[in-house]
Structure formats: structure tokens, C-alpha cells
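A short worksheet on the structure shown next.
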Amino acid sequence: MPTADPVVTTSTGSVRGTWRGGSAAFLGIPFAAPPVGELRFAAPAAPDRWAGVRDATAHGPTPQRRPLAPVTTIPEPSIPGDDILTVDVFTPRPTRPSGVPGPHHDGRPQAVESGLPVLVWIHGGGFTAGSPASPWYDGAAFNRDGVVTVTVSYRLGVDGFGLIPGAPPNRGVLDWIAALEWVQENIQAFGGDPTRVTIAGQSAGGGAVLTLIATSRARGLFHRAIAASPALHGNGRADAERLVGLLADAGGVSATRAGFASLTEDELLDLQDAVRQVPERTSVSDPGARAVRQLADAHAAGRDLGPVVDGELIPLPVLEALRTGVASAVPLLIGTTANEFTSLLEPVAADVDRLGAERALRALGLTGSLARAYAHRFPGRPASWVVGQLVTEVVFRIPAVRTAKIHARRAPGHTWLYDFRWVPPVEGGARGSFHCADLPFAWDHLDAEGVTRVLGDEPPATLAAEVHGAWVAFVHGESPGWAPYRAPGRVTRVFDAECRTVEDGYRSERRLGRLLSPIRRFSARRRHTATAA
């Protein structure tokens, strides 16, 4: 390993990273100017150039100022500071490929050594939290397998997604696009190939991936996509405008860019937390039914923050856009965990469990016959678990299989579906294969901080080899290792203690989806909350 610190020249100046074993890390590189002052609530602006060599050995400030919960499944540090629109680059080859003209090349013709494929990661956190500085998102294992890895920081909450009059909509989406433009301009200098970029993300990050593949403005900035447990967002203008009005009224400011700019960061975060909460139905006497009704009310309230169907940058909801064929040239790997949100109601589980599964499902909005049939699918499971599994299917699994179906029709042979079913032994496996449980396997980071706390002392390395290997193959432009998704077989890869390929692995979700169309999705806010001790 070289002894000198690696230095790379980007379009705005040189950066100094650090060696870690067989690869190098360059952290906190600005792809846009700090969104403060006149740039608050503005589209991302180009960063200033700097002289000399900028230190890039520590993570930059994070848009997350407050974590989603006191304890989260994924360690998600909050780092103070204004320069929040940055990328981290992990690379096994921190030099421009030979034969590609650049600052350290005299331009004489020679054989061109192609760059490495690139994985660009967009973190989750419900579009209001999450941190690119998580140790779970270190690109060392991808570097080991010949992949340059980039993690993206983007504006969250109202700053990123509030539909504020006088401000460009979908500023968080514009941040993703600006980061991808930076990758196109600079990744060769880090040994990457700008013609082989895969975007990937989980939860809200998975929703970001699907939003980007359905957005014409992002076309050509990436070439493949991985959506892990994607949370599909397509908030309509009416709900988005209503939420901004509620925020302005609660804050005593005008519903304008100037009005929101008069609020401090903490004041706006307080408003965001308060306004998005849905009041309890005090008229419902049973505490279990009241808790379930509040979950249904949160869905109906339209108070989510995330990408907005604005008619311009995002003209259509994701699934409608995919039906037009806008993403037909983008191979897609998509899947979920089996039991994403079964612990969603854990704080009120005792009350919901006393209610019983069938009554709880009716309180959620299911008809009597459907509530009875669904409750009987999970004999022996407590009511809170059953409600959480229904939310799992409505929020994640039904949209995932619908996305796979639509994309496979428009892009035959370019869609792959998986189902992560391995159950961590923590708490006797009571949570099932929960939200985020697949990420240490995908990143092959079973020794990362916090992993054994949520996955147990010996998560299977063979499963990490399977999941990570599938991602690596896909990023390298190959099949992930099983047949593409298409009717009638609908091949699905099951990731479990013993991995296997099955036909129609989401069959029950496909059928359930036809019955649950009026319910669509729920607005759940404990997306990353950990329940493991």
C-alpha cells in the first residue's frame, strides 16, 4: 500500500483522502454550495473552487440534525455544519485510468484502461432523517470487488421537500441529480467509469431510486438501478400545499419562501415534528383500536414529506411514469425484506394484542371478510404483528411486485426481483425479517458497528456472500444470478439461510394488492426504530 496520502483533482479543486487497506476514502467532498442564506430553499448551486489541497478525511456535516429515534437500527450520526451537500467516495483505484486525458496526463494517445463500475448510494430515513456517514455504508467491500462507491448527502424534511411558494419544488431530488452530475464530471479521476453508474438506495433511498429512473431530467446520469425496500412516494400537490399551509399557520409566518426562511433550523424542525403528528381519536374508547385508528388516520392525513408530483420535474407518480416506458433502458434489481414493519406497533403492542387480529384489522379499515381472511393467514401471531405485516405488504411488498411487473413489461429481460427472508435470532426471531436487516449483507459489513446488536452474534457470512455477490454482479453489468422477472414464471430469488430461486415468490402480495387498492399505503414514522436491546 502506498505510504503517501492519496490526492485526486476534481473539477473544483484537489482533495486528500486516506488509505484503508487496499482502498482509499475521500469524505465530505462538496458537489454543491452550502444551502444557507440566500441559497436556503434554492436549487443546488455549484460549489466554490478552492486553492491548494482540501482535506477529505472526515465525513462532512449531515442534513440530519435530529435522528429519527433515540435508538435506530442503522447507526446514523448527525454532524453539525453548513456544508451539507457532499459526497463520500470509496475507491480501490484513486487515479484516473491510463489513457484518459486529465490533469496528470500529457494527452498523448495510448491504450485506454477502462474505469471501474460505480455504485451511487442514497440513504433512507423517511426523507426526514438518515445519515450518509453511517458505518454501514462504508464502501470497503465493494472496493474489494472492483466497485467505486459514492454515498450522497441531500436535504431532508421541509428544506428538501416542502412545496414552498417561491422556491423550486423537490429540492432534495435536485440534490440527487446534482450529485449524479458531479459523478459524471469527476468519477474518472477516482478510477470510476461514468458510463457504468448504478444508483441504489434502501427505504426512502429506494424510493429515491425509483423516482430518479422515472424522471426524465436524470436520464443518462446512471445506467442501472437497485431499489431495496423502496418506499414509493408521489405526494400530490394538494396534500403538499396543505402541509405547507399547516406549517406556516403553526409557525405564525407567511406560507412563502421568505416566511419559512425567517424560521431557524430548530424552529422549523419543531414545527415539522408537531404538524406531522396526527391527533389520537379520543372518541375511540379501546386503547388498541385507538392506536390502530391513528395509524390509518396518519395515512389519510397527507402529511408525509418526500418527492412531490409537481407536474414539471416529476410530472407523474412513479408507477404511472414507468408505464410510459421512461425507464425501459434501465435494468432494475428490486426487492424487500419479508417482515419490514412487524414491530411498527411495538409501543402499544399489548393494547392492540388484547383487541385481537381481526378487530384490529377492521379498525385499520379492512372489511369484515377480508379482515377475517388476513388474520387467519398468521395463526399464533399477535394482533400487533399481523397489523404490522399488513402495513409491510401495503407499503413495501405490493408496490415492489407491481413495480417489477410494470418495468418487466416495458423492459423485458431487464428486471430482477428478490425476497430477503432470513430472520435474525434476536428476541427469538419475534420481529421476523425486519426493515434494514438486509443491509449489512448487501454491503458485506457484518462486523460494522451495531450489526450484532440487531442481527445477533453470528450473522451468516454465506448469506452476505450471496446478497453482496448479487449486487456486485449487477453493478458490473451482469445478471445478479437468477432469471429475470417475467410472467408467467415470475422468478424470484429468496435470500435465506439456504438461498433458492422460486416461481412467483410474491404471489400472495399480487393477489392481496388487487383487494387492497383502496388502502394503498400507510404513513408510518418508526421506519428505522430498533427494538433490539
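The values are calculated or read from the model by the stated rules, or taken from the named source; none is laboratory data. Keep in mind that what you see is a predicted model, and the values were worked out from it rather than measured. Every residue, glycine as well, gets a Cβ built from its backbone with ideal geometry; the counts of neighbours run over all protein chains shown.
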(message) Can you tell me which condition H299 does not meet? The list is (1) of a type outside the set (A, V, I, L, M); (2) at pLDDT 95 or above; (3) closer than 30 Å to G505 by Cα, and all the others hold.
(response) (2)
(request) May I ask you to list the residues in segment 199-218 that are without any contact (Cβ under 8 Å) to a residue 40 or more places away in the chain and either surrounded by fewer than 24 Cβ atoms within 10 Å (Cβ to Cβ) or basic (K, R) (or both)? (result) none
(request) Could you tell me which numbered condition A238 fails, if it satisfies all but one of (1) within 19 Å of A167 (Cα to Cα); (2) crowded, with 20+ Cβ neighbours inside 10 Å; (3) small (G, A, S)? (result) (2)
(message) Out of everything in segment 268-288 that is modelled with pLDDT of 80 or more and β-branched (V, I, T), what residue ends up being farthest from G157 (Cα to Cα)?
(response) V284
(message) Taking the conditions exactly as written (in contact with a Ser or Thr (Cβ under 6 Å, 6 or more places away or on another chain) and over 24 Å from A167 (Cβ atoms)), does S229 satisfy them or not?
(response) yes
(request) Go through (1) closer than 30 Å to N235 by Cα; (2) surrounded by fewer than 23 Cβ atoms within 10 Å (Cβ to Cβ); (3) modelled with pLDDT of 95 or more one by one and return the number of the condition I84 breaks. (result) (2)
(request) Restrict the check to segment 414-421 and report whether at least one residue is within 30 Å of L295 (Cβ to Cβ) and among the aliphatic types (A, V, I, L, M). (result) yes
(message) Among the residues that make up segment 388-411, is at least one of them in contact with a Ser or Thr (Cβ under 6 Å, 6 or more places away or on another chain), of a type in the set (G, A, S), in a loop (DSSP other than H, G, I, E, B) and under 14 Å from D496 (Cα atoms)?
(response) no
